[in-house]
Amino acid sequence: MQAYSLGDLWFNLDLSVSCGQTFRWRKYDRTWYAPSPYGDVAVWKVRQTGGTVNYEGMSEEDLVRYFSLDHNLETILKSIDCDPLIHDAVERCRGLRIIRQDPWECLISYICSSCANIPSIQIRIEKLAEKYGTRIMCDGKTFYSFPRPKAIAAAEVYELRSCNVGYRDTYIYGAAEMAAADPNWPEKIRAMPYAAAQRKLCKLNGVGPKIADCVLLFAFEKLESVPVDVWIERILRTKYVGREKKLASAMAGAYAREHFGIYAGYAQAYLFASREIISRKGA
């Protein structure tokens, strides 16, 4: 394995890949494995020991790009560290980085995430990969590349349901048709300001504001994007706004952007990673 020295960079590999922003990493002994998220038929292996990250199956450019090691995390965390609650989350989770995911894989992963917990999401994604991806062997373990849009668009809709996706089959198929017909869709989304990009993604069947915000934050680096799930809504409502009535997603996101600023997406990630501790009585 090759070695990358972090120097004075803050990075927590374990937390970054296991906090719920991405779903295909698996840990064996001290090493994390995942099929390449950038469309290559390869397996990435990454291990962190203190200030050194060892990696295999990927380039140093991939490592830096995927784990956003070029983000000035110290500046970002100082920017969002504006109240005692987020301060505690920052101290607890320091080194958590927003991962730069492949837009297509991220979109389908979060369509699969609707009304589901993390284990269910992982099962759906893996079944899609097994059925429509390419088998890859690494260290005696079997992996599958994430299926490309044309592979899913060429299937029959009913076939997708065998991947445990349920009613999401038509949503996945529709997204695949869109992506297969317009390979440049990621560049178009990336060029849009946040609000316009969110509206554009929400035109896809099965994509609401929460899924759109996940894709914009984790695939398009729109760091002001704030995915609002039940945990984040509850934290913002009870710990910040101080009201009993549930916050609408748009209101919660707008509040977070006003309170935390241009890196509100990072604040969301740190609050989400600390959600169970924050939600305890007296936290």
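The values are calculated or read from the model by the stated rules, or taken from the named source; none is laboratory data. Source: prediction; values computed, not measured. Note: ideal-geometry Cβ built from the backbone for every residue, glycine included; neighbour counts use all protein chains shown.
Values computed for the structure shown
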read-out: Hits in region 35-59 - residues which are part of a strand (DSSP E or B) and touching a residue at least 60 places away in the same chain (Cβ under 8 Å); value: P35, V43, K45
read-out: Long-range neighbours under 8 Å by Cβ, at least six apart or interchain, first residue assigned by TED's automatic domain parsing to the domain that holds A191 and farther than 26 Å from I189 by Cβ within region 222-244, second hydrophobic (A, V, I, L, M, F, W, C) and in a loop (DSSP other than H, G, I, E, B); value: none
read-out: Single condition A3 does not satisfy, out of (1) on the phi < 0 side of the Ramachandran plot; (2) touching a Lys or Arg at 6+ places or on another chain (Cβ under 8 Å); value: (2)
read-out: Some residue of region 263-280 being over 30 Å from D70 (Cβ atoms) and under 20 Å from the mean Cα position of the chain (by Cα); value: yes
read-out: Answer residue from region 134-184, given it is part of a loop (DSSP other than H, G, I, E, B) and touching a residue at least 60 places away in the same chain (Cβ under 8 Å) and is farthest from the chain's Cα centre (by Cα) among those; value: D139
read-out: Inter-residue pairs, beta-carbon under 7 Å, first among the aromatic types (F, W, Y) and in region 1-27, second assigned to a loop (DSSP other than H, G, I, E, B) and crowded, with 16+ Cβ neighbours inside 10 Å, 6+ apart; value: W10/G95; F11/F67; F11/L69; F11/G95; F11/R97
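Let's see how each residue does on (1) farther than 26 Å from Y66 by Cα; (2) small (G, A, S); (3) in the same structural domain as Y255 (by TED's automatic domain parsing):
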site: G174; (1), (2), (3): yes, yes, no
site: P183; (1), (2), (3): no, no, no
site: Y194; (1), (2), (3): no, no, no
site: N205; (1), (2), (3): yes, no, no
